[in-house]
Amino acid sequence: MGIVHIPRVVASCVKGAYARRAAAAAVAATGTNGTKQDDLGRTIGTSPDNPHVYRARVGLFDVDAFNHLNHASYLVHAELARWEWSATVAPILPMVKEQALILVTGAAIRYRREIGP
């Protein structure tokens, strides 16, 4: 599974880093500090009222025989969203320097509706 998962994690980090660089390019025009911000100047992805939004396509290994998103794939996409967020908001840089990790000690999911193709 690592053959499939590792490139997806790297792609999520690159996507987040690209979003951070695109926001930094807008610093001269907007006068912000280089992070993605909403209309009120709050940094996107740093508070419950201003969340990071993860968008992705469902992959071949994410669906089951009925062409629905597999239950375990929800956690995989949650992890990919976490990697993308860490590259976008940039706590990943000090973490690499300090050799620190984000430790997930538990996860709970309430399935509200199916996600189809």
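All of the numbers you see were taken from the coordinates with simple rules; none came from a lab. Bear in mind the structure is a predicted one, so any value in this text is a computation, not a measurement. Glycine gets a Cβ as well: all are built from the backbone with ideal geometry, and neighbour counts include every protein chain shown.
Around R55, with a cut-off of 11 angstrom between Cβ atoms, what is the net charge of the other residues, counting Lys and Arg +1 and Asp and Glu -1?
+1
Using a Debye calculation, one point per C-alpha and no hydration shell, please list log10 I(q)/I(0) for the stretch 78-117 at q = 0.19, 0.23, 0.35 Å⁻¹ in order.
For the stretch 78-117 at q = 0.19, 0.23, 0.35 Å⁻¹, log10 I(q)/I(0) is -0.70, -0.85, -1.16.
Whose amide H sits under 5 Å from the amide H of V63, counting only residues 5 or more places off or on another chain, with H placed in the peptide plane?
The answer is N70.
Compute the length gained on full extension between V104 and A72: take 0.36 nm times their separation in residues and subtract their Cα-Cα distance, giving the result in nm to one decimal.
Extra length available between V104 and A72 comes to 10.0 nm.
Just the Cα atoms of the stretch 51-117: what Rg and Dmax do they give in Å?
Radius of gyration, then largest Cα-Cα span, for the stretch 51-117: 14.4, 44 Å.
Determine the sum of side-chain charges near V76: Lys and Arg each +1, Asp and Glu each -1, restricted to other residues whose C-beta is under 10 angstrom from that of V76.
On the way: positive: R8; negative: D62, E79.
With Lys, Arg at +1 and Asp, Glu at -1, the neighbours total -1.
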